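The values are calculated or read from the model by the stated rules, or taken from the named source; none is laboratory data. From a predicted model like this one, the values you see are computed outputs, not experimental measurements. Positions of Cβ are generated from backbone atoms using ideal geometry, with glycine treated the same way; all protein chains shown enter the neighbour counts.
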Amino acid sequence: MKSVPYETKDTQPKALPGQDEVHPYRPIHQWHVSDRPREKLAAGGIRNLSDSELIALIFGNGTTTKSGSLSALQLGQQLLNEYKTLGGLSHRSLKELTGMKGIGIAKASQLLAAFEIGKRVEAEIPEELPKITGPEDVARIYGPRMRDLPVEIFRVVLLNSSNRVMGDKEIHRGGLAASLVDVREVFRHALLEKATGIICMHNHPSGNLEPSREDIKVTQKLVEAG
């Protein structure tokens, strides 16, 4: 797949409601300076850009396909037309992205890397130990780390006497079953780190929020042991 400059003359796919209309039949360097993504960023900041313009900046240039050329901006709009939102796009795999016209491994990798950086920044634990006052705090701190995982992960969070997070440990990876979660391992980490409290959590890759029978069994084992 041959790369072409960021500016091309091809027709842009129709913009989604609420997004900027893209200039058809004109290369980007011929647009008014206030409409060019890079110049818009420099003049008004990154928040001044539409979603498709952000994707265009990640790609840097367009591409040539058998049916014609596509600019970086067109590629971004095409992806949003297909997946509707950046959130929907962020859940796509390398295979799904490279199945789109004009998206090769290089551009798909750039996009996946950008989304992963955002997730890691969101998941970083601040230098000051965060305090847990309720389920909302757990979701805020660990939601970014636990969502979108392809397999089930069982994790224990260690708390000090002020209910501040001291750290966390992965206990099990794979299908969750009461026979597979070692309760001794959960409490071993708590004792080694001198934690005064723990929070146990796991994810459902299916997105189903209802606890399974195995989830309930694991919880009962932990309560009985603790």
With ALA113, ALA123, ALA106 as the choices, which residue is at pLDDT 95 or above and farther than 13 Å from ILE55 by Cα?
ALA106
Taking the stated definitions as given, is ARG147 within 30 Å of HIS172 (Cα to Cα), among the charged types (D, E, K, R) and touching a residue at least 12 places away in the same chain (Cβ under 8 Å)?
yes
If you take the residues in the stretch 42-81 that are of a type outside the set (A, V, I, L, M), outside any loop (DSSP other than H, G, I, E, B) and touching a Pro at 6+ places or on another chain (Cβ under 8 Å), which one is surrounded by the fewest Cβ atoms within 10 Å (Cβ to Cβ)?
ASN81
Counting only residues that are part of a helix (DSSP H, G or I) and either in contact with a strand residue (DSSP E or B) (Cβ under 8 Å, 6 or more places away or on another chain) or within 30 Å of PHE59 (Cβ to Cβ) (or both), how many does the stretch 112-136 have?
12
Of the residues that sit in the stretch 87-109 and are touching a residue at least 24 places away in the same chain (Cβ under 8 Å) and surrounded by fewer than 16 Cβ atoms within 10 Å (Cβ to Cβ), which one is farthest from PHE59 (Cα to Cα)?
HIS91
Selection over the stretch 137-171 where residues are surrounded by 15 or more Cβ atoms within 10 Å (Cβ to Cβ) and part of a strand (DSSP E or B) yields a count of 12
